[in-house]
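Since the structure comes first, as structure tokens, the remarks are kept for the end.
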Amino acid sequence: MKVLIAYHSDYGSTEKMAKAIAAGMRSSVPETQIELKQAGNTAPNDLLGADVIVFGTPVHMGSMAWQMKKLIDESASLWMENALQGKVGGVFVSGGGFGGAGGGAELTMAGLHANFLEHGMLVVGFPKSTLGYAEGGLHWGAYARSGNHEGMPAGISDSQLTAARSYGAHLIEVAERLFD
């Protein structure tokens, strides 16, 4: 099974989540081939070789980082060719913002899922029964609150990284069942 985890990270939180998701996949299915790439260094052709595609981004003003949106826009030709149809997709985000509501995390995740669905991909959510869900999950995927109450970067917790690892394990287990 080949996995591509494409992400953008401003302060390192989203990158930590990407690495935790990869670790969860490896612990569940050790023979999984995983490539982690910054969104800005990912080309549409990189998506073609993956069975599982995972997108991660910080939340910027209620939406994804422009680097992730650029990758999505550059991949439009793959949509025309139905090239990603049947692949498995998953998403994760980190976000700060004011208050405790997530600052657009759900909207960002829904937008990422919508892109995968446009491509005919099979999207995988995050079941509430999964380890770490209460601390770092939404039904859309793994989520880490990375800002303090003043909206400044504060990093992410070990429990949120546990959730990201659990989400990675869940993603690869679902993919294994689908492709077996």
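Each value in this text was obtained by applying a stated rule to the coordinates, not by laboratory testing. Since we're looking at a predicted model, the values are computed, not measured. Cβ placement follows ideal geometry from the backbone for every residue including glycine, while neighbour counts extend to all protein chains displayed.
If you go through segment 29-37 one residue at a time, do you hit one that is of a type outside the set (A, V, I, L, M), buried (at least 17 other Cβ atoms within 10 Å of the Cβ) and free of Cβ contacts under 8 Å to residues at least 40 places away in the same chain? Scanning segment 29-37 turns up no residue that is of a type outside the set (A, V, I, L, M), buried (at least 17 other Cβ atoms within 10 Å of the Cβ) and free of Cβ contacts under 8 Å to residues at least 40 places away in the same chain. Identify, please: which residue in segment 129-142 is in a loop (DSSP other than H, G, I, E, B) and in contact with a helix residue (DSSP H, G or I) (Cβ under 8 Å, 6 or more places away or on another chain) and is, among those, nearest to SER94 (Cα to Cα)? Here the residue is TRP140. Scanning segment 1-33 for residues that are within 17 Å of VAL91 (Cβ to Cβ) and hydroxyl-bearing (Ser, Thr, Tyr), we see that the one that is nearest to the chain's Cα centre (by Cα) is TYR7.
Being under 18 Å from ALA6 (Cβ atoms) and either among the aliphatic types (A, V, I, L, M) or touching a residue at least 12 places away in the same chain (Cβ under 8 Å) (or both) holds for only one residue in LEU138, LEU112, LEU131, and it is LEU112.
Evaluated against (1) over 20 Å from THR162 (Cβ atoms); (2) out of contact with any His (no Cβ under 9 Å at 6 or more places or on another chain), LEU78 falls short on exactly one condition, (2).
Matching residues to (1) at negative phi; (2) surrounded by fewer than 16 Cβ atoms within 10 Å (Cβ to Cβ); (3) under 12 Å from the mean Cα position of the chain (by Cα):
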residue: LYS69; (1), (2), (3): yes, no, no
residue: MET80; (1), (2), (3): yes, yes, no
residue: GLY86; (1), (2), (3): no, yes, no
residue: GLY89; (1), (2), (3): yes, no, yes
residue: GLY95; (1), (2), (3): yes, no, no
residue: LEU112; (1), (2), (3): yes, no, yes
residue: GLY125; (1), (2), (3): yes, no, yes
residue: LYS128; (1), (2), (3): yes, yes, no
residue: GLY136; (1), (2), (3): yes, no, no
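Considering segment 10-61 alone, what residues qualify as being in contact with a helix residue (DSSP H, G or I) (Cβ under 6 Å, 6 or more places away or on another chain) and over 23 Å from THR130 (Cβ atoms)? Selection gives ALA39, GLY40, THR42, PRO44.
Residues in segment 50-65 that are surrounded by fewer than 21 Cβ atoms within 10 Å (Cβ to Cβ) and under 13 Å from ILE5 (Cβ atoms): 1 in all.
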